[in-house]
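Written below as structure tokens is the structure these notes are about.
The values are calculated or read from the model by the stated rules, or taken from the named source; none is laboratory data. Everything numeric here is computed off the predicted structure, so don't read it as measured data. In this analysis, Cβ positions are derived from the backbone assuming ideal geometry, glycine residues included, and neighbour counts consider all displayed protein chains.
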Amino acid sequence: MKKDYSKKFVPGTCVLSENNWLELQRIHKSITKSVMCLTLDCMFRNLLLSEASKIMPSAVVNTDASEVESVLTTSLIELLCDYLGNSIADVFECYGCAQQYGNQLGHECLTMDYETRVQLYADLAFFTIDFEQLIKDFFQRNIQMLNYINPIFVNKWDMFSIFDNVKKMYIASDLSRLH
């Protein structure tokens, strides 16, 4: 597992204390969360509604919407989990592979659990997701329920909560946790 040595190799001219570094890391995480929320809330919702209007110009809701909303939300979480897993694989750089280690224990790609991968790479992986393709796949997967996708339904989604559920689902899919 990689360790964070960033605080140990600080130039001598640095005037930040350890508390300042910790506060800077907290602010960095806060900014990342805010950017993720904005991306999900604005870009994703707009792309989704735009694509929905191309396929179904007027939404007609005539049955129990809560069941359909649950199915669509679960479908979105599952699809985002697949995309997150692929994106983490794309941005994950194994030091053992780069150094061409023969010993498998030197390869993070084999030894690092999914929870650690999420902690280290989920933010970066999130921003490499092709949201346009994700939305197309979402519509393809749920073509029979497209008439339920409307601004009222989509605006109910708490996208940050959905992304947290995606990360939990990805971590739960780690086969090494089952042993």
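What are the pairs with Cβ atoms under 6 angstrom where one residue, in the range 120-141, is farther than 17 Å from residue 71 by Cα and the other, located anywhere, is among the small types (Gly, Ala, Ser) and crowded, with 16+ Cβ neighbours inside 10 Å? Sequence gap at least six, or different chains.
Note: pairs meeting the criteria are 125/87; 128/87; 129/87.
Across the range 82-104, which residue is nearest to the chain's Cα centre (by Cα) among those that are under 19 Å from residue 116 (Cβ atoms), without any contact (Cβ under 8 Å) to a residue 24 or more places away in the chain and assigned to a helix (DSSP H, G or I)?
Restricting to residues being under 19 Å from residue 116 (Cβ atoms), without any contact (Cβ under 8 Å) to a residue 24 or more places away in the chain and assigned to a helix (DSSP H, G or I), the top hit is 86.
So residue 60 clears everything in (1) among the β-branched types (Val, Ile, Thr); (2) assigned to a loop (DSSP other than H, G, I, E, B); (3) exposed (fewer than 14 other Cβ atoms within 10 Å of the Cβ); (4) modelled with pLDDT of 85 or more except one condition, right? Which one?
If we test residue 60 against (1) among the β-branched types (Val, Ile, Thr); (2) assigned to a loop (DSSP other than H, G, I, E, B); (3) exposed (fewer than 14 other Cβ atoms within 10 Å of the Cβ); (4) modelled with pLDDT of 85 or more, just (4) comes out false.
Can you give me the number of residues within the range 105-133 that are under 17 Å from the mean Cα position of the chain (by Cα) and closer than 25 Å to residue 175 by Cα?
16
One line per residue, one yes/no per condition, for (1) over 14 Å from residue 44 (Cβ atoms); (2) modelled with pLDDT of 90 or more:
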{"site": "71", "(1), (2)": "yes, no"}
{"site": "85", "(1), (2)": "yes, yes"}
{"site": "96", "(1), (2)": "yes, no"}
{"site": "102", "(1), (2)": "yes, no"}
{"site": "120", "(1), (2)": "yes, no"}
{"site": "133", "(1), (2)": "no, yes"}
{"site": "151", "(1), (2)": "no, no"}
{"site": "161", "(1), (2)": "no, no"}
{"site": "167", "(1), (2)": "yes, yes"}
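Considering only residues of the range 128-179 that are β-branched (Val, Ile, Thr) and under 14 Å from residue 85 (Cβ atoms), which is surrounded by the most Cβ atoms within 10 Å (Cβ to Cβ)? Working first, answer last.
In the first step, residues of the range 128-179 are kept if they are β-branched (Val, Ile, Thr); the result is 128-129, 135, 143, 149, 152, 154, 162, 166, 171.
When the remaining residues are screened for being under 14 Å from residue 85 (Cβ atoms), the result is 128-129, 166, 171.
On the way: 128: 14, 129: 17, 166: 23, 171: 18.
Looking at the filtered set, the residue picked out is 166.
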